[in-house]
Amino acid sequence: MLARISRFDLSRIPQYPVLYGLLAALLALVLILLFVGRVPVSYNVRNLVVRWWITTMMVLAFVLVVGLMTVMLAFVSGMDALTGNSGQPGNIIVFSSGANDEGFSNLALSDVSNLERTQGIAVDEAGQRLASKEVYVIVNQDIPVPKGSPSRRRFVQVRGLEDAPMSAKVHGLELLPGSQWFSEAGVEQTSDGQQVLLQCVMGKGIAGELGLDRPGRQPLAVGEVFRMADREWKVVGLLNSTGSTYDSEVWAKRQIVGERFGKEASYSSFVMRASDIKQAPQLAETLKKSKEVALNAMTEESYFESLSDTSRTLLLAIRIVAGFMALGGIFGVMNTMFAAISQRIKDIGVLRVLGYSRTDVLLSFLMESMILALVGGLLGCLLGSLCDGWTAKSTVGGQGATKTVVLQFLVSQEVLAGGLLLSLLMGLVGGLFPAVRAMWMRILETLR
Amino acid sequence: MFQFFTLMLKNLRRNILRTSLTALCSMLLVLVVTGVWSVLDFIDRQTEEKANDFKVLVTEKNKAPSRLPRAYVSSLREGAARGPDDVKPEDYMTWAFYGGTLDPNKMTRENFLFLIACEPEKAPTMMDELDQLNAADTARLQDAIAKMKKQANAVIIGPEQLKLMNKKVGERFTVNGLIFKDLNLEFEIVDTFPDAAQRYGQTSLMNLDYLLQGIDEYEAKTKKKIANGADPIAFVMLKVKNKEDYEKLSAQIVNSPLYNSPAVRCESAGSAVSTFLESWQTIFWGMRWLLAPAILGTLSLVIAVAISISVRERRKEIAVMKVLGFTPGHVLTMVLGEALLIGLISGLLSAGGTYLLVNKVLGGIPFPIAWFQRFFIPTNALWWGVAIGAGTSVLGSFLPAWNARGVRVADVFSKVA
């Protein structure tokens, strides 16, 4: 968490005005309470220390609520980062007409030939057009299970490519050192010449996932062989991890993927880089309206944005759960603060006799609950931030499209800000009513 | 005993505010745990292997989504049985999927329709929960199925889907095919699923024959093959008596020379559902082992705080009780009992309220996971609520109750003196 705080990026504040605005307001309130209130802070701190058992339990409750919320938000944040990192600026993805996803798209070979001649495709330093012809299939892979157990399988996303190095360039990916692309044939023989292996390159996420089947649960490495769809596949290369959906894919030669999985006569998608990045949306729109061939085209960024439905659903669910937990927490804080006040009724009377105003009493008790919330919130964020970098298998998807992905929990500064904001809100609302009650107590009644 | 119970009630009534706040907190947190457990319970039930009435799915072995040629169907319905000793399925149902948009110029969610193409007469026996409808709903469903048998383009659409499409029973509409591109079919809505079949709120059924006929007619008319038209079947579902029959049937089908290209896979319905939910496992794991325990922990802490405060305020009173002859055990029981009362009552009220609110008012928890759209609170949740309330209150109050048990009369009165 300290690392996150040290890397705090002020430029992101305008993107989340409500979050940072509320947090700033509440932190300012804590400061105001500390410096404006006339009742010494040490009075409140000592009271918290005297009731250390109750204080500890209340702080622990805050830690649990905020820690849990941090973990949940880090998961969604990782999911958003995954879809956000997957689209390259200027890339346009083309599907067959009516299809919103690679899984349903069937582009005829002739349509793709026409697309390759589209005006406005960027070229690389060697003068080659930055375009990628791709076949995408989901393959069932049997997972080894103990004898007598129900059979298990996983879905593996396999992408077949005509020109893998060019595709990697289009998607902004590179091979890790020690890796190579698959050969022109896409196959190789074992050293004893007994078996033909299908060559593939894969992302680090799926390499880790497939490695789970082995006794040591180590990720697959270059040179290793695994079984999928009744064939042996050899890993010839690993892609660098960009935190994109491609980390969860296996790449192989298009002809091999097409023939084996019923896509020999069509492509799933055609991805191209617009020569003028700013013109990409217009180019996509032009392709969509083409009268020669019916297509569906969109910028790659908007395609991956459409896969954010799952994260939006989860975020909503988390907000609802956090709301209920926060309400529960507020009642807990109220209980503690009402008890603190009832135990210190005479103190309140003495403070008033000494000349402290009703407002001073209000600020003093409010500060006490805010201190509890701040300490609990910070510890909760600290605990929750331990999940930063955890990997988890999940799904991202939108209308009619889903992808199985391996994502990383991301404890962003917004996640921490959200956790702290929740904690301070609980402290404020939970402490306000008891503090108001303390404020309106009459001196005579309190000292009786 | 009754007097002891009355004493506990009186103690709770003495500070109505504290009791109410603790109860409210319990109710809110029990509500969340009940919701979470309801989702997990439903998922667990979908993926568990049944001992009897085993449902088996025959799908394409190596690829998802599965696509099987229609030539496979007739022999698969017989379980590929060839000899007298071979296992034959008790029942079958063929599934294909037809999806498209009601308006090709406006591809929005409300215009998108996904239909299960099947033998409609198999729905009541092969689709989960449709065999548990009451007599009136069963009669209504049978009536709708009879209409589908008479009229090829008839469809049954779930009430939620119907509302989303802004259509009514009796209306006709055309779907512009996307899975089978350019295959546009016209339909007439003959009924909806009964409200009691809550999980089918967004499900739509059409005749498989109508889809296959549509493919044939399109190909004959245009003289070109339709995308996915050669292998339009998604899977064949078979029902066998028990696991033993499932294993025999599975071997029969997998080893049959009839299914080589593509090869097929035979798995129990529970196992197939597990596979589709595999990518949600982290979320389910988090809900089961992080979210629910953290909420239970929070609830225990809040109760512990409330009871600790209560004990702290009543030290003198506890000392007096001891002087009057109450044993430490009595004191421990009294404090635990007070917490238990709050926990039990708030747990029951919360679970009952959640059950009514979610099932009767909200029409389920809208949490789309895979193909499940909404989750309902099971009747079991009523005892979960009581158990959560009781468990967390006992757990949270044990330490304060133990402290109350240990209050020493001499200590208390020496300070008073």
- Query: Rounded to the nearest 5, what is the percent of antiparallel bridges among the DSSP beta bridges in the range B:63-262?
  - Reply: 75 percent
- Task: Let me have the relative contact order for the range B:63-262, percent, based on Cα pairs under 8 Å that are six or more residues apart.
- Result: 34 percent
- Task: On a 0 to 90° scale, report how tilted helix B:243-254 is relative to the longest principal axis of chain B, with both axes built from alpha carbons and the result rounded to the nearest 10.
- Result: 40 degrees
- Kindly identify residues of the range A:73-89 having a loss of at least 20 Å² in accessible area between the isolated chain and the assembly of all protein chains, probe radius 1.4 Å. A:75
- Query: Ignoring ligands, DNA and RNA, how do A:159, A:231, A:152, B:408 rank by accessible area with a 1.4 Å probe, largest first?
  - Reply: B:408, A:152, A:231, A:159
- Note on the structure: By accessible area (1.4 Å), largest first, B:47, A:336 order as B:47, A:336
- Message: On C-alpha positions alone, give me the angle between the axis of helix B:2-14 and the longest principal axis of chain B, in degrees, nearest 10.
- Response: 90 degrees
- Can you list the GluC sites (Glu not before Pro) in the range B:145-220 that are in a DSSP coil and have 16 or fewer other beta carbons within 10 angstrom? B:171
- Query: What number, in percent, do you get for the relative contact order of the range A:237-375 if the mean sequence gap of Cα pairs under 8 Å and at least 6 apart is divided by its residue count?
  - Reply: 8 percent
- Item | Unit charges at the beta carbon, dipole of the range B:63-262: most positive-side option, B:174, B:81, B:145 | B:174
- Query: If you count, for every residue in B:275-281, the Cβ atoms of partner chains within 10 Å of its Cβ, what is the mean?
  - Reply: 6
- What are the residues whose amide H is under 5 Å from the amide H of residue B:185, where those residues sit 5 or more places off or on another chain and H is modelled from the backbone? B:175, B:177
- Message: I'd like the carbon and sulfur percentage of the solvent accessible area for the protein assembly as shown, probe radius 1.4 Å, heavy atoms only, ligands and nucleic acids excluded.
- Response: 59 percent
- Message: For chain B, place one equal point scatterer on every Cα, skip the solvent, and apply the Debye formula. What is log10 of I(q)/I(0) at q = 0.07, 0.10, 0.12 Å⁻¹?
- Response: -0.50, -0.80, -0.99
- Item | Residue-normalised accessible area of chain B, given per residue in Å² at a 1.4 Å probe | 45 Å²
- Nearest 10 degrees, 0 to 90: what angle lies between the long axis of helix B:292-313 and the longest principal axis of chain B (Cα atoms)? 20 degrees
- Item | Rough spin-label spacing in nm, given labels placed 7 Å along Cα→Cβ, for residue B:71 and residue A:282 | 5.3 nm
- Task: Work out the mean other chain Cβ neighbour count within 10 Å for the residues of A:306-319 and drop it here as an integer.
- Result: 2
- Task: Quick one: accessible surface of residue B:200, probe radius 1.4 Å, all protein chains present, in square angstrom to the nearest 10.
- Result: 20 Å²
- Item | Point-charge dipole on Cβ atoms (K/R +1, D/E -1) for chain B, about Cα centre, debye to 20 | 1800 debye
- Item | Convex hull per residue volume in Å³, alpha carbons only, for the range A:1-98 | 177 Å³
- Item | Sum of -39500 (n - 2.57) over DSSP H runs of 4+, divided by residues of the protein assembly as shown (222 nm, nearest 500) | -16000 deg cm²/dmol
- Message: Tell me the accessible surface of residue A:52 in square angstrom (1.4 angstrom probe, heavy atoms of protein chains only), to the nearest ten.
- Response: 150 Å²
- Query: Averaged over all directions, how much area does the convex hull of the C-alpha atoms of the range A:219-270 cover when projected, in nm²?
  - Reply: 4.5 nm²
- Message: Using only protein heavy atoms and a 1.4 Å probe, how much accessible area in total is buried between A and B, to the nearest 100 Å²?
- Response: 5100 Å²
- Message: Could you work out the pair-distance distribution P(r) of the range B:269-417 from its alpha-carbon pairs, with 10 angstrom bin width and percents rounded to whole numbers?
- Response: 11, 27, 25, 17, 11, 6, 2, 0
- Query: Which helices count as membrane-span-like in chain A under these terms: full DSSP H, at least 24 Å along the axis by C-alpha, Kyte-Doolittle mean of 1.6 or more?
  - Reply: A:17-36
- Could you pull out every one of the aspartates and glutamates with an alpha carbon less than 15 Å from that of residue B:322, ignoring same-chain neighbours closer than 8 positions? B:411
- Task: Net charge near residue B:398: determine it from the other residues with C-beta under 15 Å of the C-beta of residue B:398, scoring Lys and Arg +1 and Asp and Glu -1.
- Result: 0
- What residues in the range B:229-267 lose 50 Å² or more of accessible surface when the other protein chains are added to their chain alone (1.4 Å probe)? B:265
- Query: So what is the relative contact order of chain A, in percent, for Cα pairs below 8 Å that sit 6 or more residues apart?
  - Reply: 28 percent
- With every protein chain left in place, what is the accessible area per residue of the range A:91-273 in square angstrom, probe 1.4 Å? 40 Å²
- Dimensions (Å) - the protein assembly as shown, Cα atoms, principal axes, largest first: 104, 70, 60
- Note on the structure: In the structure shown, of B:239/B:360; A:147/B:241; A:234/B:248; B:63/B:360, the pairs separated by more than 30 angstrom at the C-alpha atoms are B:239/B:360; A:234/B:248; B:63/B:360
- Between the range A:287-364 and the range B:289-344, the alpha-carbon center distance in angstrom: 30 Å
- Query: Which entries of A:204/A:278; A:289/B:181; A:263/B:223 show an alpha-carbon separation above 24 angstrom in the structure shown?
  - Reply: A:204/A:278
- Note on the structure: Within 10 Å of the Cβ of an average residue in B:59-70, the count of other chain Cβ atoms is 4
- Just tell me which aspartates and glutamates come within less than 12 Å, Cα to Cα, of residue B:168; anything on the same chain fewer than 8 places away is out. B:160, B:188, B:191
- Where trypsin sites (Lys or Arg not before Pro) fall in DSSP loop in the range B:159-194, at most 12 other Cβ within 10 Å: B:168
- Inverse mean reciprocal Cα-Cα distance (Kirkwood Rh) of the range B:9-127, Å: 20.2 Å
- Message: Report the Cα centroid-to-centroid distance between the range B:35-106 and the range A:369-399 in angstrom, as an integer.
- Response: 40 Å
- Query: How long are the three semi-axes of the equivalent ellipsoid for the range A:91-273, computed from the Cα gyration tensor as the root of 5 times each eigenvalue, in whole Å, largest first?
  - Reply: 29, 19, 16
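The values are calculated or read from the model by the stated rules, or taken from the named source; none is laboratory data. Remember, predicted model here, so these are calculated numbers, not experimental data. No Cβ is skipped: glycine too gets one built from the backbone with ideal geometry, and neighbour counts run over all protein chains shown. Accessible surface is based on the protein model in full, side chains and every heavy atom, while ligands, DNA and RNA are left aside. Shrake-Rupley method; radii C 1.70, N 1.55, O 1.52, S 1.80 Å.
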